[in-house]
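Take a look at the structure below.
The values are calculated or read from the model by the stated rules, or taken from the named source; none is laboratory data. Given the structure is predicted, the values throughout are model-derived calculations rather than measurements. Note: ideal-geometry Cβ built from the backbone for every residue, glycine included; neighbour counts use all protein chains shown.
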Amino acid sequence: MILETPVNTQRVLVVEDDPDILDVIDHNLRREGYTVLHAGDGETALSEARRAVPDVILLDVMIPGLDGVEVCKRLRQDPLTRHIPVILVSARSDESDVVLGLGVGADDYVVKPFSPKELVARVKARLRPAAASGSEGREERIAHGGLVVDPVRHAVFVDSVPVDLTATQFRLLKVFARNPGRVFTRDELLTRVIRGDAIVTDRNIDVHVRAIRRKLGSYRDLIETIRGVGYRFGRPGGS
């Protein structure tokens, strides 16, 4: 009998500097179908959290550089990462340590040594409320460098700064960001963004794109004009 890996698009950032513990956590999470990201110190954890905006963070307290408590505190201060569930993992089991960890904004606290099954269960428990928050199913956040499109919150961030888009502009950007490298004609974009509350014509698709570019600032060139055809969403740095 062949066991298939469950299909799952959710991302877990594991912040752990012990390679043996990391291997165990990585193996068990991937077996459940999660995409696993790694960071071995506090500074890298903050950078990776802002870059990838994962669905949950497993954060060891005793890591090089900034410790886990300080990392959690900074995650909660950043508008881009403050909503991400954080599970602190520590060998410290004193009540004062648990209170301190939860006091800086952690959602859960797991004491080492732990059962891999327990850890996976904790991850699932933290993800379940987010997955159930949308009546039509949860759409994943899309990150391209410092540009983040969050369909659940109907929000866009450029280097952690919120960007104010109209409903039509947001739908256009979401279509682009979900399909990097694909060329869309104006007619295709029309069929994807038209709603009862929006009046969009072939001609003013160009107007909306110009407005989006202006609001994206340094990321404006991600939306490329394909002369005579339409538009294509590129990648940071033109890769």
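Quick notes
- Scope segment 1-19; condition more than 13 Å from V123 (Cα to Cα), aliphatic (A, V, I, L, M) and at pLDDT 55 or above; matching residues: V15
- The lone criterion from (1) at pLDDT 80 or above; (2) within 22 Å of R51 (Cβ to Cβ); (3) among the basic types (K, R) left unmet by R235 is number (1).
- Annotation note: Cβ proximity below 6 Å between a residue of segment 185-202 that is not assigned by TED's automatic domain parsing to the domain that holds E224 and a residue that is surrounded by fewer than 14 Cβ atoms within 10 Å (Cβ to Cβ) and modelled with pLDDT under 75 (sequence gap 6+ or interchain) occurs for no pair.
- Positions within segment 27-55 being acidic (D, E) and at pLDDT below 95, in sequence order: E32, E48, D55
- From R82, R92, residue being at pLDDT below 85 and farther than 20 Å from A121 by Cβ: R82
- Total residues in segment 53-78 satisfying the condition of being crowded, with 16+ Cβ neighbours inside 10 Å, part of a helix (DSSP H, G or I) and not charged (D, E, K, R): the figure is 5.
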